[in-house]
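Everything on this sheet refers to the single structure shown next.
Read-outs throughout are calculated quantities, based only on the coordinates presented, and are distinct from any laboratory measurement. In this text the structure is predicted, and so the values were computed from the model without any measurement. Don't worry about glycine lacking a Cβ; one is built from the backbone with ideal geometry, like all the others, and counts go over all protein chains shown.
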Amino acid sequence: MSTATYPTLDPLAHSEQNQEQLLEISMGPQHPSTHGVFRMNAVLDGERVVRLKPIFGYLHRNHEKIAENETYLGSMPYTDRLDYLCSITNNWGYALAVEKLAGIQVPERAEYLRVITGELTRIQNHACLLGFLLQDMGSSGTPLMYAFREREKVLDLFEALTGSRMMCNYMRFGGCRTDLPAGWLNQARSFVAELPRFLDEYENLLVGNEVLMERTQGVGVLSRELAIGAAISGPMARASGLNYDIRKVDHYSIYDRFSFRVPLGQHGDVYDRYMIRFLEMRESIKILNDAMRDIPDGPIVDPKWKPRGFRPKPGEAYGRIESPKGELGFYLISDGSPNPYRCRVRPPSLINLTVLEDLCVGQNVADVVAILGSIDIVLGEVDR
Amino acid sequence: MNLDATKSAIEAAVPGCHLEIVANPSPSAQHSLLVDPEHALAVATFLRDSPDLRLDFCSNVTGIDWPPRELSEKVKVKQTVDGVEKEVDEVRKTTIPGFLEVVYHLFSVTHKTIEPLPLRLRTADREAGVHLPSLTPVWRSAEFQEREIFDLFGVHFDGHPDLRRILMWDGFVDHPMRRDYVDPDDYEYEPTAHDQVLKRAGQHQSEGAAK
């Protein structure tokens with residue numbers, strides 16, 4: 001095999017002005033604000049960022065190669081480990097792609113279960129993110145603990161339903177793995193009923209906070225044009241005013257039946273990205289209330305689907321969902337064998353990182369931490 | 001706009017380009033468009049800028065490795081054995097050369113398309129001809145994903161602004177997502193400071209044991 005030479009990272013070689021004044025620093029990989037093992041090589045002029053390159057791959061285990069050597073269903077638990085905060089939406093994205101590939105129908109009740117667990121995942125992801133972001137900006141402890149208190153309640157619900165708090169492995173092709181245990185819906189209803197109080201409390205604590213506004217407003221501005229060009233998705237794109245929510249665009253699952261709005265930002269700065277998540281949690285509450293009211297009885301998995309000896313016909317499919325972090329896509333190629341010929345994950349975290357340098361250049365080095373926090377990355381998904 | 005209409009629109013706008021519709025027999029019915037590498041940049045620019053298509057959201061970029069395949073088919077051949085003419089089965093083998101493929105999944109934010117348009121590019125072979133034009137100048141989202149394909153599959157994107165390994169480390173040789181990739185026996189770990197520390201510690205311990 002031919003081995004080509006390729007350039008390695010040498011930021012100083014490329015910068016023109018003030019060569020002797022510039023300082024190159026390496027933030028990470030073991031930096032508390034990088035949300036995992038993630039490194040940024042930044043070139044600074046004083047406190048101002050001149051150039052910044054993200055370096056990652058520390059958690060790389062080649063999920064896609066593992067998936068090629070595993071049956072279709074065998075990859076399902078591995079998808080939990082991609083974005084380990086939202087394992088259920090990862091399961092959903094993968095199940096949706098396989099259902100497209102093999103033409104499997106999902107029963108009504110299973111769709112409702114998917115929406116309920118998916119929206120609970122969104123709430124806990126956004127709550128955590130707000131906690132992390134504030135922790136990164138120095139409001140030590142309290143906001144994160146408030147967020148984790150709510151997340152704990154969601155994880156209790158997941159544990160009662162799936163048997164696991166974080167690695168849920170809940171979806172199956174054509175449905176879900178387990179039905180609701182007795183009393184689960186009432187527990188979930190009381191959680192959702194109390195959630196607005198938590199959000200109000202959180203908002204009162206922080207939204208009018210002058211220090212927070214000074215730190216975040218006008219920082220890390222992402223334009224709408226760049227957001228489209230770089231395929232930025234999820235709350236980050238919507239904070240830049242890009243009205244693109246795959247729940248509304250693709251009409252997948254049963255999201256057509258719920259009335260919810262897509263919050264949009266105007267400025268595309270860190271503050272907007274932060275507020276969008278607040279507003280999305282409020283919309284998720286609406287969806288959850290409707291879904292838990294309307295959930296019908298019935299089977300939870302397509303009775304025609306046989307888990308043993310599952311071999312989709314040759315072909316390929318790209319399926320995507322709106323995960324809490326953005327567009328989560330799976331691209332599968334089948335050659336008629338029990339294993340996929342190719343399984344590609346389209347990770348929202350990785351693709352949202354494309355614009356990290358554009359957002360950080362010209363900002364202070366302390367703002368880099370806030371900008372990275374507002375992108376909402378999970379390194380299990382970036383590195384795969 | 002369906003795929004046939006898209007194809008003829010591109011052919012009208014980019015003269016001389018070779019397009020081919022790759023059928024997808026699965027229920028998803030996401031048929032794709034194969035473009036020749038010479039005109040790929042012009043086709044991509046047209047797809048993004050044409051007001052009818054406006055495929056401005058290049059969501060997913062990925063590589064696929066197709067190693068050389070052997071097709072064997074049974075053919076009946078007449079042979080003369082010991083003066084008697086017989087029909088004998090003969091297996092004929094044809095080798096399909098391998099190539100690497102790059103797929104771009106395109107959506108339109110303007111028109112809010114539901115199904116993707118997969119755009120495919122193919123390399124000449126898997127060794128020397130692994131060069132394709134980079135579409136990062138058209139869709140910025142391809143930047144990291146093309147780097148990943150370069151890293152894991154070994155496709156060289158000409159015109160990419162910053163083509164480096166992204167997930168594997170800089171000193172790594174070979175491309176792990178190729179179908180014929182074999183883990184080396186003496187797996188090359190990234191050298192860290194710990195290795196030196198452990199070596200010194202090992203020496204220290206052996207000295208202690210000798211006393």
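Here is a list: A:Ala231, A:Ala237. Which entry is under 15 Å from the mean Cα position of the chain (by Cα), part of a loop (DSSP other than H, G, I, E, B) and touching a residue at least 40 places away in the same chain (Cβ under 8 Å)? Spell out the reasoning first.
Values: A:Ala237 fails: part of a loop (DSSP other than H, G, I, E, B).
Answer to the selection: A:Ala231.
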Yes/no for A:Glu47 being in contact (Cβ under 8 Å) with a residue 60 or more places away in the chain, within 11 Å of another protein chain (Cβ to nearest Cβ), farther than 23 Å from A:Arg277 by Cβ and of a type outside the set (Lys, Arg):
no
Which listed residue is among the aromatic types (Phe, Trp, Tyr) and surrounded by fewer than 18 Cβ atoms within 10 Å (Cβ to Cβ), from A:Tyr84, A:Tyr94, A:Tyr72
A:Tyr84
With the requirement that a residue be more than 9 Å from chain B (Cβ to nearest Cβ) and not in a helix (DSSP H, G or I), what does region A:346-383 give you?
A:Pro347, A:Val361, A:Gly362, A:Gln363, A:Asn364, A:Asp376, A:Ile377, A:Val378
Count - residues of region A:100-132 that are crowded, with 24+ Cβ neighbours inside 10 Å and either within 14 Å of chain B (Cβ to nearest Cβ) or free of Cβ contacts under 8 Å to residues at least 24 places away in the same chain (or both):
3
Unmet requirement for A:Ile333, which otherwise passes all of (1) outside any loop (DSSP other than H, G, I, E, B); (2) in contact (Cβ under 8 Å) with a residue 60 or more places away in the chain
(2)
(1) without any contact (Cβ under 8 Å) to a residue 24 or more places away in the chain; (2) crowded, with 16+ Cβ neighbours inside 10 Å; (3) of a type outside the set (A, V, I, L, M): which one isn't true of B:His18, the others all being true?
(2)
Could you look through region B:125-144, keep only residues that are in contact with a strand residue (DSSP E or B) (Cβ under 7 Å, 6 or more places away or on another chain), in a loop (DSSP other than H, G, I, E, B) and more than 10 Å from chain A (Cβ to nearest Cβ), and pick out the one that is surrounded by the most Cβ atoms within 10 Å (Cβ to Cβ)?
B:Leu135
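Report yes if B:His160 is surrounded by fewer than 23 Cβ atoms within 10 Å (Cβ to Cβ) and more than 10 Å from chain A (Cβ to nearest Cβ), otherwise no.
Working: surrounded by fewer than 23 Cβ atoms within 10 Å (Cβ to Cβ): yes; more than 10 Å from chain A (Cβ to nearest Cβ): yes.
For B:His160, the condition - surrounded by fewer than 23 Cβ atoms within 10 Å (Cβ to Cβ) and more than 10 Å from chain A (Cβ to nearest Cβ) - is met.
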